[in-house]
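Throughout, read-outs are computed from the coordinates displayed, never taken from laboratory work. Predicted model, so just to flag it, every value in this text is computed and none were measured. In this analysis, Cβ positions are derived from the backbone assuming ideal geometry, glycine residues included, and neighbour counts consider all displayed protein chains.
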Amino acid sequence: MQIKQRPVFPGGIHPTDGSDKELSMEAAVQPYWPETVTILSEQSFGGKCRILVNPGDSVKEGQLIGEPDAFMAAPLHASVTGTVLEVKEVANQGRNILACVIRREEKHAEPDAAYCHEPVNIHNISREEILKGLRDGGLTGMGGAGFPTHKKYETDKPIDALLINGAECEPFLTCDYRLMLENGHALINGVRLLLKGSGAQKAYICLEDNKPRAAEHLRNILKQAGESGVLDADEHVEVKVLPTKYPQGGERQLIQAALSREVPMGGLPADVGVIVSNVGTARAAADVILGQMPLIRRIVTVTGSVKHPGNYLVPIGTSVRELVQLAGGVTVEKNRVIAGGPMTGPCVASDWKGEKELFYVTKNTSGILVLPDSAYEEQPCIRCGGCENVCPAGLVPYQIDFAFLEEDYDLCEKLFASECIACGCCSYICPAKRELTVRTRMARDMVKQRMRERAVKKA
C-alpha cells in the first residue's frame with residue numbers, strides 16, 4: 001500500500017528536539033509598559049522615516065510621528081502617551097539611527113473591543129478602506145524583514161490565495177504561538193480583513209504540527225464564526241497544518257509546502273498568485289481597522305539562558321536591556337545575545353553583563369535570545385555535500401563560498417547566489433564549521449548589486 005506523503009519543500013533541517021520551544025511555550029504574554037521608549041526612525045533596513053515631532057512636544061498614543069522617506073518605510077506612530085524628550089541618533093545593532101525618545105506620562109488603557117472576543121461582521125468594510133488602514137496604520141511584516149504590508153496588497157497581479165504565516169519555525173521563539181492561543185479572535189478577524197483586502201478566494205492559516213493546541217483553537221473559532229452567520233459566503237478561511245521542518249516559515253518554502261507552487265527565480269509570491277503575511281500582521285490589521293489603533297506594540301519572546309524565559313507585550317521602542325532584566329537577567333557569563341532566532345538573527349553582544357543597552361524593539365523584533373558562547377574554528381571543506389542537500393533554495397553553498405573567497409563574482413552569479421534566503425541551514429549542517437551562510441549571503445548581496453547596476457546602465 002502506498003502512503004501519500006504530506007506536501008513539503010526540498011531541503012531543510014530539524015535543528016532541535018522541541019526543548020527550546022518548551023522554555024517559553026507555556027509562558028502567557030505579560031504586558032510591560034516602560035517609563036521611556038526610543039522609537040527608531042528606521043524600523044527595517046532602508047525603511048527611513050522623517051520625524052515630525054520635536055523635543056518638548058506632547059504626543060498621544062497612536063499619533064503619527066514619522067512619515068515614510070523611503071520605499072521600505074511605513075508610517076511611524078507614538079507607542080505611548082507622553083512628552084518627547086529628545087530626537088537624537090542612537091546606536092542600534094552596530095549602526096547610528098535617528099530616534100525619538102518619549103517619556104510615558106499616562107497608563108495604557110486596554111480597550112475591551114468586541115473584535116478581540118468574537119467574530120465580527122466586516123461586510124460593510126470595503127477593500128479600499130482596508131488598504132488605507134494597512135497603509136496609514138504603519139503595518140509591516142512582523143515575522144521577517146519588515147516590508148510595508150500595504151505594498152503587498154496593492155499589487156496589480158491577480159491573487160487567488162492568501163497565506164497567513166504561523167509556522168514560527170525558528171528555534172526558541174514562541175511569540176506567534178502565544179498570539180494564536182491568546183488573541184485568536186482578533187487574529188481571525190484580521191485574517192478575514194486581509195482576505196478581503198487581497199481579493200483572494202481563500203486564506204490558509206499555516207502552522208506546523210508541533211502546535212496542535214493553536215490549530216484546534218483557531219479551528220474552533222472559525223467553526224463558531226460559521227455557525228453564528230458572521231462569515232460572508234465568499235469568506236473561505238482554513239487552518240492548514242504542515243510537517244515541522246525548518247525553514248517552513250520562509251515565504252517561498254511556505255508557498256511550496258502549502259500550495260505546491262514554486263516562485264520563479266527573482267520573482268515574488270504575487271507572481272504565482274499568492275500573498276504571505278505573518279499572524280502578527282493579521283492581528284495588527286484587526287487593531288488598526290476595527291480598533292482604530294495603528295501598529296504601536298508587539299509580542300516579543302525573551303528566552304534561552306535567562307532566569308525566567310517568557311513572552312512580553314511591549315510598545316515599539318522598548319529597551320531590550322530592560323526586557324532581559326524583566327526576565328531575570330542572563331544566567332551564563334560567557335554568552336551571546338541574538339536579536340531574533342538562532343538561525344537567522346544577528347549576534348548583538350558577547351559576554352554581556354547587562355551594563356549597556358543592546359537595542360530597541362522595532363515592529364519586526366520577534367525575540368531576544370541569550371545562548372552560551374561556543375568557540376570553534378573553521379576547518380577546510382571536506383566536500384561532503386551536506387550543505388547542498390539541505391539548502392531549501394536548491395543551491396550549492398560550498399561552491400558559492402569558494403567563488404566568493406576568490407572574488408569571482410561572475411561565478412557567484414552563475415551559481416545563482418542571488419537566490420540565497422540566508423536561512424542558516426548550510427552553516428548548521430557543516431561538519432567543518434564553515435561560515436557558509438555569512439559568505440553566501442554576502443555573495444547574494446554582491447550579485448544583486450551588480451544586477452541593479454547593469455539594469456541602470458541599460459536604462
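What pairs in Lys60/Lys151; Lys202/Lys245; Lys48/Lys433; Lys202/Lys448 have C-alpha atoms more than 29 Å from each other?
Lys48/Lys433; Lys202/Lys448
So for Ile289, Ile125, Ile368, fewest C-beta neighbours within 10 Å to most, what's the order?
Ile125, Ile289, Ile368
Using 11 Å as the cut-off for backbone N distance, which residues of the range 193-214 belong to the label zone defined by a point 7 Å from the Cα of Asp160 along Cα→Cβ?
Answer for this model: 201-202.
Considering only DSSP beta bridges with both partners in the chain, what is the antiparallel share in %, to the nearest 5? Please list the in-between numbers first.
Working: 41 of 63 bridges.
Of those bridges, close to 65 percent are antiparallel.
Using 1/(1 + (r/R0)^6) with R0 = 41 angstrom and r between the beta carbons of Glu128 and Val438, what's the FRET efficiency to the nearest 0.05?
Once rounded, the FRET efficiency stands at 0.40.
Show me the three semi-axes of the equivalent ellipsoid for the chain, from the C-alpha gyration tensor (sqrt of 5 times each eigenvalue), largest first, rounded to whole Å.
After diagonalising the Cα gyration tensor, the semi-axes are 32, 28, 23 Å.
For an R0 of 60 angstrom, estimate the FRET efficiency from the Cβ-Cβ distance between Glu118 and Phe402 and round to the nearest 0.05.
Numbers: r = 58 Å, r/R0 = 0.96.
Result of the calculation: an efficiency of 0.55.
Kirkwood Rh over Cα pairs of the range 112-290 into Stokes-Einstein at 37 °C, 0.692 mPa s: D in µm²/s?
Reported coefficient: 205 µm²/s.
Using modelled backbone amide H atoms (1.01 Å from N, in-plane), which distant-in-sequence or interchain residues come within less than 5 Å of Ile65's amide H?
So Ile65 has HN proximity to Leu76, His77, Ala78.
Go through Lys132/Lys196; Lys307/Lys356; Lys363/Lys414 and tell me which ones have a Cα-Cα distance over 24 Å in this structure. Spell out each step's value before the answer.
Details: Lys132/Lys196 13 Å; Lys307/Lys356 19 Å; Lys363/Lys414 36 Å.
Check vs 24 Å cut-off fails for Lys363/Lys414.
Can you tell me which aspartates and glutamates have their Cα less than 14 Å from the Cα of Lys334? Leave out same-chain residues fewer than eight positions away.
Asp351, Asp373
For every helix of n ≥ 4 consecutive DSSP H residues, a contribution of -39,500 (n - 2.57) applies; sum these over the chain, divide by its total residues, and give [θ] at 222 nm rounded to the nearest 500 deg cm²/dmol. Please report the intermediate quantities before stating the final value.
Values: 14 runs with 135 residues, N = 459.
So the helix-based figure for the chain works out to -8500 deg cm²/dmol.
Test of the criteria: in the range 130-230, which GluC sites (Glu not before Pro) are in a DSSP loop and have at most 15 other Cβ atoms within 10 angstrom of their Cβ?
Glu154
Taking neighbour Cβ counts within 10 Å as the exposure measure, how do Ser79, Ser305, Ser260 sort from fewest upward?
So the residues, fewest neighbours to most, are Ser260, Ser305, Ser79.
Could you list the GluC sites (Glu not before Pro) in the range 357-459 that lie in coil according to DSSP, counting only those with at most 16 other Cβ atoms within 10 Å of their Cβ?
Glu357, Glu377, Glu378, Glu406, Glu407, Glu435
How large is the direction-averaged shadow of the alpha-carbon convex hull of the range 194-302, in nm²?
Taking a quarter of the hull surface, the average projection is 8.6 nm².
How big, on average over all directions, is the shadow cast by the Cα convex hull of the range 9-70, in nm²?
Value for the range 9-70: 8.5 nm².
For the range 33-71 and the range 88-161, write down the distance between their C-alpha centroids in whole Å.
14 Å
Kindly give the semi-axes, whole Å and largest first, of the ellipsoid equivalent to the range 386-458, taking each as the square root of 5 times a Cα gyration tensor eigenvalue.
23, 11, 9
Stretched out fully, how many nm does the piece from Glu106 to Ala70 gain, at 0.36 nm a residue minus the Cα gap?
Working: separation 36, 0.36 × 36 = 12.96 nm, distance 3.21 nm.
Working it through step by step, the gained length comes to 9.8 nm.
Show me the chymotrypsin sites (Phe, Trp or Tyr not before Pro) within the range 339-405 that DSSP assigns to loop and that have at most 11 other Cβ atoms within 10 Å of their Cβ.
Details: sites: Trp352, Phe359, Tyr360, Tyr376, Tyr398, Phe402, Phe404; in loops: Trp352, Phe359, Tyr376.
When the chymotrypsin sites (Phe, Trp or Tyr not before Pro) of the range 339-405 are filtered for loop state and at most 11 Cβ neighbours within 10 Å, Tyr376 remain.
Check every DSSP H run in the chain and write down those whose alpha carbon atoms cover 20 angstrom or more along the long axis and whose mean Kyte-Doolittle hydropathy is -0.5 or greater.
184-198
What FRET efficiency comes out for the pair Val332/Cys384, r = Cβ-Cβ distance, R0 = 35 Å, nearest 0.05? Kindly include the intermediate steps, with their values, before the conclusion.
Values: r = 32 Å, r/R0 = 0.90.
After rounding to 0.05, the efficiency reads 0.65.
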